[in-house]
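Participant: Handing you this structure, nothing more for now.
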Amino acid sequence: MLTKQRHEMILKLLEEKGSITVTEIRDLLKASESTVRRDITALDKEGRLVKVFGGAIANKQSVTSHEYTVAQKEDFSREEKEKIGKFAASFIEPEDFIYLDAGTTTAYMLNYIEEKSATYVTNAVVHAQRLVAKGMKVLLIGGELKASTEAVIGSQAVQTIKNYHFTKGFFGVNGVTRQSGFTTPDASEAAVKQAAVEQCRKSFILCDYSKFDEISSVTFASFYEGEIITDRRISGYEDCKNIMIAR
């Protein structure tokens, strides 16, 4: 297949789907991954699509790789996060083996978690300290501590998580769309989230209304891999049965 034909097919797929992965393009075009990556890079330079980690999205959508610090994010949507955190905590049951992701939205759960027969695994040092202070059993994931988000990341963290089997997991997110799924700006943090989602029997994605139709650099789970807990009905997502409104 000629380069021009491949480019036209890639752009047509993006027009239909909004986003596409390297693997999907490779399988559809019967081309090598290296060829697909070169095609995406070329189209990105021409401004005809936006290259992202692991694939591409239509250039009508904006992508952000910026991440605010924990201190900065604490002031964002405070009331909404409180409502979401309280509702999310109500899903924890006796004897659960819980994964609790780092982040300010999951931090709001800590005020409402009361189940002491559950075990809590987290990659957030602050979350672990607060849970221990409440008398909970806590396992803290080891690895590299990321300063801006205060999350433990890296290969050691990923490998540890892969040894666990969680009944439920609660995750923060920077962006949510049907096409790109759940996204976050940092590839290392995304790897930890992805590993944890894969080890959860049920995953809950905690996000206020402002995260919808936003895309960060890296997808860590597809849109239907998690139950979304948010604070209000979102226009354009009314038919999604995996969205719950905190009450």
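Participant: Running a GNM on the chain with Cα contacts under 10 Å, which residue among 17, 86, 193 ends up with the highest mean-square fluctuation?
Facilitator: 17
Participant: Keeping every protein chain present and rolling a 1.4 Å probe, give me the accessible area per residue for the chain in Å². Walk me through the numbers before you get to the answer.
Facilitator: Working: 12110 Å² over 247 residues.
Per residue, the chain has 49 Å² of solvent-accessible surface.
Participant: Separate question: Separation of region 98-151 and region 1-36 by C-alpha centroid, Å?
Facilitator: Rounded to whole Å, the Cα centres lie 41 Å apart.
Participant: Holding the Cα-Cα limit at 28 Å, pick out from 30/168; 12/193; 134/193 the pairs that are longer than that.
Facilitator: Working: 30/168 38 Å; 12/193 31 Å; 134/193 25 Å.
30/168; 12/193, as the Cα separations exceed 28 Å there.
Participant: When you count, for each residue, the other Cβ atoms within 10 Å and take the mean per peptide, how do 220-228, 134-142 rank with the highest first? Numbers along the way, then the final one.
Facilitator: On the way: 220-228: 19.2, 134-142: 15.9.
In descending order of packing, they fall as 220-228, 134-142.
Participant: Please list, short to long, the whole-number percent of alpha-carbon pairs of region 137-179 in consecutive 5 angstrom bins beginning at zero.
Facilitator: P(r) for region 137-179, in whole percents per bin: 5, 16, 21, 26, 17, 12, 3, 0.
Participant: Using Cα atoms only, what is the angle between the long axis of helix 78-89 and the major principal axis of the chain, expressed in degrees (0 to 90) to the nearest 10?
Facilitator: Compared with the principal axis, the helix lies near 70 degrees.
Participant: Would you please give the FRET efficiency between residue 233 and residue 210, computed as 1/(1 + (r/R0)^6) with r the Cβ-Cβ distance and R0 = 22 Å, to the nearest 0.05? Display every interim value, and only then the final one.
Facilitator: Details: r = 14 Å, r/R0 = 0.64.
Once the sixth-power term is evaluated, E becomes 0.95.
Participant: Something else: Within the chain, what whole-number % of the accessible surface is contributed by carbon and sulfur, with the 1.4 Å probe and all protein chains included in the calculation?
Facilitator: Numbers: 5860 of 12110 Å².
In the chain, the share of accessible area belonging to carbon and sulfur is 48 percent.
Participant: Could you work out, for the chain, what percent of all Cα-Cα pairs fall into each 10 Å distance bin, beginning at 0 Å and stopping at the bin that holds the largest distance?
Facilitator: Result, from short to long distances: 7, 31, 33, 19, 8, 2, 0 percent.
Participant: Could you tell me the center-to-center distance, by alpha carbons, between region 192-209 and region 40-57 in angstrom?
Facilitator: 27
Participant: Looking only at region 136-247, where both bridge partners belong to it, what percent of the DSSP beta bridges are antiparallel (to the nearest 5)?
Facilitator: Numbers: 9 of 22 bridges.
Percent antiparallel among DSSP bridges in region 136-247 is about 40.
Participant: Going by average Cβ density within 10 Å per residue, which order do the peptides 23-36, 157-170 take, highest to lowest? All intermediate terms of the calculation are to be shown ahead of the outcome.
Facilitator: Values: 23-36: 14.2, 157-170: 18.5.
Ranked by mean Cβ neighbours within 10 Å, highest first: 157-170, 23-36.
Participant: Using only Cα atoms, tell me the angle between helix 187-198 and the longest principal axis of the chain; keep it within 0 to 90° and round to the nearest 10.
Facilitator: In the chain, helix 187-198 runs at an angle near 70 degrees to the longest axis.
Participant: Tell me, what is the FRET efficiency for residue 24 and residue 3 to the nearest 0.05, using R0 = 25 angstrom and their Cβ-Cβ distance as r?
Facilitator: Rounded to the nearest 0.05, the efficiency is 0.85.
Participant: Between residue 45 and residue 133, what is the FRET efficiency for a Förster distance of 51 Å, r being their Cβ-Cβ separation, to the nearest 0.05? The partial results should precede the final answer.
Facilitator: Working: r = 52 Å, r/R0 = 1.02.
The value I calculate is 0.45.
Participant: Using a Gaussian network for the chain with springs between C-alpha atoms less than 10 Å apart, which of these wobbles most: 82, 189, 93?
Facilitator: 93
Participant: Another question about this same structure. Does region 126-240 come out rounded, prolate or oblate by the C-alpha gyration tensor, with a ≥ b ≥ c the root eigenvalues, rounded set by a/c under 1.5 and, if not, prolate when a/b is larger than b/c and oblate if not? Before the final figure, lay out each step's value.
Facilitator: Working: a/c = 1.78, a/b = 1.55, b/c = 1.15.
Prolate.
Participant: Could you check what % of the DSSP bridge pairs in the chain are antiparallel, to the nearest 5? Display every interim value, and only then the final one.
Facilitator: Values: 16 of 42 bridges.
Roughly 40 percent of the DSSP beta bridges within the chain come out antiparallel.
Participant: Let me ask something else. What residues qualify as long-range amide H neighbours of residue 243, i.e. H under 5 Å apart, gap of 5 or more or another chain, H built at 1.01 Å from N?
Facilitator: Correct list: 228.
The values are calculated or read from the model by the stated rules, or taken from the named source; none is laboratory data. No experiment lies behind these values; they were computed from the predicted model shown. Here Cβ is always computed from backbone atoms with ideal geometry, including for glycine, and neighbour counts include all displayed protein chains. Keep in mind that these areas ignore ligands, DNA and RNA; they rest on the heavy atoms of the full protein, side chains included. Shrake-Rupley method; radii C 1.70, N 1.55, O 1.52, S 1.80 Å.
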